[in-house]
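The structure under discussion appears below in the form of structure tokens.
A short reminder: the numbers here are calculations on the coordinates, not readings from a lab. Computed from a prediction, not measured in an experiment: that's the story for all the values here. Note that each Cβ is placed from the backbone with ideal geometry, even for glycine, and that neighbours are counted across all protein chains shown.
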Amino acid sequence: MSAGRLVRAAAAGGVAGLVLRRLGQGALVMLAAGALAFAISELAGDPVAAMVGLDASPERRAEARIALGLDRPALLRFLDWAGAALGGDLGLSWRLRIPVAEALAQRLPATAELVVVSALFAIPAGLAAGTWAGLRPGSAGSRGAAAASLLGVSVPTFVIGLALIQVFAVELRWLPASGRAGTVELGGWRSSLLTAQGWASILLPALTLALFQLPAILRLARAETAEALAAEHIRFARARGLPERVALRHALRSAAPPVIAATATNLGALVAFSVITETVFQWPGTGLFFLQSVEAVDAPAMAGCLVLAAAIFVAVNLVADLAHLALDPRLRG
Amino acid sequence: MRPVLVLAVALGLLPALACLFAPWVAPQDPFDPAALSLRDAFLPPAWAEGGRAPFWLGTDGQGRDLLSTMLYGGRLSILVALAATALGLGLGALVGVVAGAAGGWLDAVLMRLAEVQLTLPGILVAILVNGLARALLPPGAREALAIPATALAIGLSDWPQFARVARAAAAVEARRDFVAAARITGLPGWRILLRHVLPGVARPLLTLAAVLLPLAAIAEATLSFLGLGAPPSTPSLGTLIRLGSEQMFAGRWWIAAFPSALLVALALGANAAAEALRARADPHRSARP
């Protein structure tokens, strides 16, 4: 969300109002995602046929419908489904024949580590390059950064991944092209970050995901820095003859919060793009699971992934707004 | 216009034209089984060891000329991207103008819906809609309808952005004097919307369409790469790259590399054109470094 909109929203209802509205919006997103997930599990597939067979008599089918509770109104079934989902019961995966929640829990550490490691690559690099370019508007380096970010948004994530595989796995044979070898189990959390082999396998996928997010961070940091430098109080500070580094400090102070908030929000999008990265590198996380579920038309698993993704987005957006609020004194009235 | 942009647009325009006119430009018809020979399978590019004319960029596993297959694939990618963007634009414009003109609870519900969908990244929505369409279609029709389903999925992932722009523009246009005058003369509401509000909404919508078109092309390629979009029988660029990626470890780099390069050139050209268009539409932004 842009700084301007957040300022206006905060001014309209105060900080508490803003947080409440955000929570309400989050609940709405979860409700919509839940309804869609329920619709998927209702529409995709015929549990009656799965239970009694396609050639069963109408009486058998009617009995099965009642046994499964399918004769009850859709709203009641949705409430049942939502209640179970809130309790962590997302049903059985048709493909794996294990609870969806369990399948997701097994795969979440792989995705979480991938996203975090990629962010550790991309955020410092993007902030440094973007701020550097923003401080020198019109310079060759700044124009170069703009051109590079245009190229960056034009290269699809999977092409980045394939190019890295071609160079580092096929030609140089330095790093593995797929899988997640060298994991260590630590209290139910399978981690790649404790062995050299684990780092070798996470490096290429994390780099791919990092290169995906870099242009956005760079562009934003560049634009916000340039905008902050053009502000009245910076021009005043310079006109007054204050040392350049003082002006700079004031400029970065107002450029930082929106960049940090947007970067945090971006972490949510990373979960979506990890679907692509995980598929390219056969990384056994939630993204690959989602894709395999879509391919196999595994409705309960698709529904479960959707609920998990929506929950992550809501949580990340909320944290990003709160961080923005904490960092930007203009928002606290 | 900046020289970098000119270069980028030129880089994308030529391949785009070649793709659109593929049936007349391509050296071979890759869908004509009579023209294919398995003896030509997996030929490297003509300049490499073992390559030969007329297969300038090499061939794939079925002996199809890669350049021809790429041009046809690029054509499919461009057409799907155009159809998806048109669908998103049409749906978004309809929802946005209706919401902006109606106001009240309908406006609130429609815009809240758009906001909720915007929380999720477009590609996730597109994968999901695509998966849902596959689940609902009978297995026999899945391959036949895979391409329309892809366009539908991308279009449905796009509409909220169009709806928001359309609503904002419609709200401004609806307060203009000529709209009030039209109302006083007793024109019916739909005519006012169509003749007097829509023209003012069209410009920002078309600018947004230019921005979203390359994203739609990338979304199409991504879906096809993931195996959800165009089927191998009528490959798009994404399908070709997926098939090529299976050959990378066999040393046959060209099957994935050339379609990838074409895809990036097309996306870069479209992105550069959109950037130039946006700068023109909004002189305020272009003045900012």
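Can you tell me the relative contact order of chain A? Whole percent, Cα pairs under 8 Å, sequence separation 6 or more.
Once divided by the residue count of chain A, the mean separation gives 28 percent.
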- Message: If exposed means no more than 16 neighbouring beta carbons inside 10 Å and the site is in a DSSP loop, what's the longest run of chain B without any exposed chymotrypsin sites (Phe, Trp or Tyr not before Pro)?
- Response: B:57-289
- Find the percent of Cα-Cα distances in chain B that exceed 37 Å, and round it to a whole number. 26
- Would you mind computing, in nm to one decimal, how far apart the modelled labels at A:A128 and A:V15 are, each placed 7 Å from Cα along Cα→Cβ? 3.4
- Query: Mind listing the Cα extents of segment B:189-273 along all three principal axes, in Å, largest one first?
  - Reply: 64, 26, 15
- Task: Quote to one decimal, in nm, the extra length available between A:R136 and A:A323 on full extension: 0.36 nm per residue of separation minus the C-alpha distance between them.
- Result: 64.5 nm
- Cα gyration tensor of segment A:226-268 diagonalised, 5x eigenvalues square-rooted, in angstrom largest first, produces semi-axes 26, 9, 5
- So what are the ³J(HN,Hα) numbers for segment A:231-238, from phi and the Karplus equation (6.51, -1.76, 1.60; θ = phi - 60°), rounded to whole Hz, Gly and Pro as x? 5, 3, 5, 6, 5, 5, 4, 5
- So, relative contact order of chain B in percent, Cα under 8 Å, 6 or more apart, is 24
- Message: In 5 Å bins starting at zero, report the fraction of Cα pairs in segment A:179-293 per bin as a rounded %.
- Response: 2, 11, 15, 13, 13, 11, 8, 8, 7, 6, 4, 2, 0
- Task: For segment B:27-41, take each phi angle, set θ = phi - 60°, evaluate the Karplus expression 6.51 cos²θ - 1.76 cosθ + 1.60, and give the result in whole Hz per residue in order, putting x for glycine and proline.
- Result: x, 9, 8, x, 9, 9, x, 5, 7, 9, 9, 5, 5, 8, 5
- Checked chain A against the a/c 1.5 cut and the a/b vs b/c comparison, axes a ≥ b ≥ c from its Cα gyration tensor; verdict oblate
- Task: Taking H placed 1.01 Å from N in the peptide plane, check which residues at least 5 places from A:L92 or on another chain put their amide H under 5 Å from its amide H.
- Result: A:V100
- Taking only the alpha-carbon positions of segment B:119-172 as identical scatterers, the Debye log10 I(q)/I(0) at q = 0.17, 0.20, 0.21, 0.32 Å⁻¹ comes out as -0.58, -0.70, -0.74, -1.15
- So what J values fall out for segment B:239-246 if you push phi through Karplus, 6.51 cos²θ - 1.76 cosθ + 1.60 with θ = phi - 60°, rounded to Hz, Gly and Pro as x? 4, 4, 5, 5, 4, x, 5, 6
- Query: Taking a point 7 angstrom from the Cα of B:A53 along the C-beta vector, which residues in segment B:18-46 have backbone N less than 11 Å away?
  - Reply: none
- Task: Using only the alpha carbons of the protein assembly as shown, determine the length spanned along each of the three principal axes and report them from longest to shortest in whole angstroms.
- Result: 75, 70, 68
- Task: Return a whole-number percent for the relative contact order of segment B:1-61, with Cα pairs under 8 Å and 6 or more residues apart as the contact set.
- Result: 19
- For segment B:92-214, inverting the pair-averaged 1/r of distinct alpha-carbon atoms gives a Kirkwood value in Å of 16.0
- Query: Can you pull the semi-axes for segment A:233-310, root of five times each eigenvalue of the Cα gyration tensor, sorted largest first, whole Å?
  - Reply: 48, 12, 6
- When the helices in chain B are scored as -39500 (n - 2.57) per DSSP H run of 4 or longer and the sum is shared across all residues, what 222 nm value do you end up with, to the nearest 500 deg cm²/dmol? -23500 deg cm²/dmol
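Over all directions, average the projected area of the Cα convex hull of segment B:38-84 and note it in nm². Before the final figure, lay out each step's value.
Values: hull surface 13.8 nm².
Mean orientational projected area (segment B:38-84, Cα hull): 3.5 nm².
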- Between B:T59 and residues 5 or more places away or on another chain, the pairs with built amide H atoms under 5 Å apart involve B:F42, B:L43, B:L66
- Task: Would you be so kind as to identify which of B:L193, B:L263, B:P15 lies farthest towards the positive end of the dipole of the protein assembly as shown, taking Lys and Arg as +1 and Asp and Glu as -1 on Cβ and the Cα centre as origin?
- Result: B:L193
- Where the eigenvalues come from the Cα gyration tensor of segment A:104-261, what are the semi-axes √(5λ) of the equivalent ellipsoid, largest first, in whole Å? 38, 19, 12
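Could you please report the charge total around A:R180, scoring K, R as +1 and D, E as -1 over all other residues with beta-carbon less than 15 angstrom from its beta-carbon?
So the surrounding residues net to -1.
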- Item | Where only alpha carbons of segment A:95-169 are counted, the Rg and the Dmax (Å) | 18.4, 59
- Given 11 as the ceiling on other Cβ atoms within 10 Å, longest exposed-site-free region of chain A for trypsin sites (Lys or Arg not before Pro) in DSSP loops: A:1-96
- Query: What is the Rg over Rh value, at two decimals, for segment B:1-101, using alpha-carbon atoms and the Kirkwood definition of Rh?
  - Reply: 1.19
- Task: Would you work out if segment A:123-205 is rounded, prolate or oblate? Take a ≥ b ≥ c from the square roots of the eigenvalues of the alpha-carbon gyration tensor; rounded if a/c is under 1.5, else prolate when a/b is larger than b/c, oblate otherwise.
- Result: prolate
